[in-house]
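Chemist: Please see the structure below; I have some questions.
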Amino acid sequence: MSDDILIIGAGMGGLAAALSLHDAGFSVRLFESVPELRPLGVGINLLPHAVRELEELGLRTAVETVGVSCAELAYFTKRGERIWGEPRGLSAGYRWPQISIHRGVLQQVLFAAARERLGDSRINLGHQLARFETHAGGGVTAFFEDRARGTALSAFEGRLLVAADGIHSAVRKSFHPGEGPPRWNGAIMWRGVVEAPELLDGRTMVMAGHTRQKFVCYPISNQASAGHQLINFVAELRGDVTELTEREDWNRPGQLEDFLPAFESWQFGWLDVPELIRSAERTWLYPMVDRDPLPRWSHGPVTLLGDAAHPMYPIGSNGASQAILDARVLTGCLRYHRGDLERGLVRYEEIRREPTAAIVLANRGQGPELAMQIVEDRAPNGFAKLSDVISDDELQAIADKYKRIAGFSIAELNSRASLIEPTE
Ligand SMILES: Cc1cc2nc3c(=O)[nH]c(=O)nc-3n(C[C@H](O)[C@H](O)[C@H](O)COP(=O)(O)OP(=O)(O)OC[C@H]3O[C@@H](n4cnc5c(N)ncnc54)[C@H](O)[C@@H]3O)c2cc1C
């Protein structure tokens, strides 16, 4: 039996796991279904706790150079009135920044590091996991196919299989064949990236509106013409229908006429929302989907990681960050349980399953954006003084609650030991 740990999927979770396990001395093989990793997606955020892990992997500078260090998250009404702002990353007192970055660019940074450290012979692109078999005496065999041609490829044996194969995980499906499609809350997000003049201080994430209509934008790169940045935006509309009629796809193109009219009046003085949307060459649409938390991730030598384990709404900046934390905790548990790797998988799940389930559920309850809805409910036609509508204490409590759930309290993160040094 080979000693390899087989990692399925070269998204943020799979790449972070491959880099981290390789660094810890494990023999790793990475498999990805697409034949070429193209820089797909738009903006995402790495929270300080994920940046800390990337720093430990020697990748902080590479990521900081191509992203933007976010200094503030600010909430506004649908008229552009400020509700609340909270410092983020270094500005909040964390020892690590929050980095806003293009998903495809981040993936390329991790992929380049994986190629350099693992070597190309350990990375198998164009390999879609078709099925796997576990062995009574330990270990697993994974069977692959070429997705485009539908032809079978060689099988690989390993000690463990880590499924980081995203929200439509084939491995998750094999454990839960009746689970069906992801759950949709009725909201659609139209996403785009534009080159635009710096907004506010050039380091602020802006969220405006309320549950049924929201606009989010933030810079993801300073690599633009003078005084400009690449700005990522998400225009979101929520309806009452919650049954998906087709499988969601991050690469589905959007049409301006489907959402721009709803935002035509959103001219704040300091931000012209319709103008920003109109300047996008292309947009993509994606429904707000997740899945119910699972009672179990690890089955013998096989476990789930990242979106395969806990797909969550892409709010609160947690999708990629939690996948990176999974990868690091997994590494710590396997290091500690080197003599019994399956026990290491169980321990990994014990540490990660409940906290990530709590984030999935908190995001369904609007996460940190609850304040915007409260203000909309109490003062849909505007207000003279914000304090007549919501108190500072109430705002602070909402922000603190989400931070506790998402595991990013400042003092705790700054003082805790590395995730790859578990105490048990
Ligand atoms: C193309 C794409 C674009 C995205 N764009 C955005 C975005 O703009 N904003 C946002 O918030 N989130 C986006 N996401 C989701 C985001 O990357 C994840 O929520 C988060 O980073 C967690 O990463 P993950 O590695 O668990 O999953 P993912 O990033 O989804 O990665 C899973 C990987 O597994 C591969 N894979 C799937 N099935 C198999 C199989 N059977 N065999 C081998 N490989 C397989 C996929 O091709 C993919 O590369 C996108 C995901 C994808 C795949």
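Chemist: With the condition kept exactly as written, say whether any residue in the range 282-289 is without any contact (Cβ under 8 Å) to a residue 40 or more places away in the chain and more than 11 Å from the ligand (Cβ to nearest atom).
Modeler: No - not one qualifying residue is present in the range 282-289.
Chemist: Read through the list (1) crowded, with 22+ Cβ neighbours inside 10 Å; (2) over 30 Å from ARG159 (Cβ atoms), then give the number of the only condition that ARG238 fails.
Modeler: (1)
Chemist: Then there's this: Got a number for residues in the range 193-210 being touching a Leu at 6+ places or on another chain (Cβ under 9 Å) and not small (Gly, Ala, Ser)? Lay out the reasoning, then the answer.
Modeler: First pass over the range 193-210, keeping only residues touching a Leu at 6+ places or on another chain (Cβ under 9 Å): 193-196, 199-200, 204-208.
Those left that are additionally not small (Gly, Ala, Ser): 193-195, 199-200, 204-207.
Result for the range 193-210: 9.
Chemist: Further question: Is it the case that VAL162 is β-branched (Val, Ile, Thr) and under 25 Å from GLY89 (Cα atoms)?
Modeler: Taking the combined requirement at face value, the residue does not satisfy it.
Chemist: Separate question: Looking at this structure, is PRO301 touching an Asp or Glu at 6+ places or on another chain (Cβ under 9 Å), within 30 Å of LEU6 (Cα to Cα) and away from the ligand (no atom under 16 Å from the Cβ)?
Modeler: When the stated conditions are applied, PRO301 passes them.
Chemist: VAL302 versus (1) under 17 Å from GLY319 (Cβ atoms); (2) surrounded by 21 or more Cβ atoms within 10 Å (Cβ to Cβ); (3) hydrophobic (A, V, I, L, M, F, W, C): which is the lone unmet condition?
Modeler: (1)
Chemist: Would you mention how many residues in the range 212-229 are surrounded by fewer than 20 Cβ atoms within 10 Å (Cβ to Cβ), closer than 22 Å to GLY382 by Cα and touching a residue at least 40 places away in the same chain (Cβ under 8 Å)?
Modeler: Selection size over the range 212-229: 1.
Chemist: Tell me, which strands (runs of 3 or more DSSP E) wholly within the range 134-191 include 1 or more residues that are away from the ligand (no atom under 14 Å from the Cβ) and among the charged types (D, E, K, R)?
Modeler: Qualifying strands (runs of 3 or more DSSP E): 156-158.
Chemist: Could you list all residues from the range 270-292 that are surrounded by 18 or more Cβ atoms within 10 Å (Cβ to Cβ) and in a loop (DSSP other than H, G, I, E, B)?
Modeler: Within the range 270-292, LEU271, ALA280, THR283, ARG291 meet the criteria.
Chemist: Pick out the one residue from GLY192, GLY209 that is surrounded by 22 or more Cβ atoms within 10 Å (Cβ to Cβ), under 21 Å from the mean Cα position of the chain (by Cα) and more than 20 Å from VAL360 (Cβ to Cβ). If you could, list the steps in order and put the result at the bottom.
Modeler: Numbers: GLY209 fails: under 21 Å from the mean Cα position of the chain (by Cα).
Sole residue among the options that is surrounded by 22 or more Cβ atoms within 10 Å (Cβ to Cβ), under 21 Å from the mean Cα position of the chain (by Cα) and more than 20 Å from VAL360 (Cβ to Cβ): GLY192.
Chemist: Turning to a different aspect of this structure: Suppose the filter is touching a residue at least 24 places away in the same chain (Cβ under 8 Å), buried (at least 21 other Cβ atoms within 10 Å of the Cβ) and under 22 Å from ASP249 (Cα atoms); does ALA170 pass it?
Modeler: When the stated conditions are applied, ALA170 does not pass them.
Chemist: Same structure again: So how many residues does the range 346-373 have that are closer than 15 Å to SER20 by Cβ and in contact with a Ser or Thr (Cβ under 9 Å, 6 or more places away or on another chain)?
Modeler: 1
Chemist: I'd like to know if the range 84-93 contains one or more residues that are touching a Lys or Arg at 6+ places or on another chain (Cβ under 9 Å) and among the hydroxyl-bearing types (Ser, Thr, Tyr).
Modeler: yes
Chemist: Can you tell me which residue within the range 251-263, out of those that are in contact with a helix residue (DSSP H, G or I) (Cβ under 9 Å, 6 or more places away or on another chain) and within 20 Å of PRO314 (Cβ to Cβ), is nearest to the ligand (Cβ to nearest atom)?
Modeler: PHE259
Just so you know, all these numbers are worked out from the coordinates, no wet-lab data involved. Keep in mind it's a predicted model, so treat the numbers as computed, not measured. Quick reminder, even Gly has a Cβ in these numbers, built from the backbone with ideal geometry, and neighbours come from all protein chains shown.
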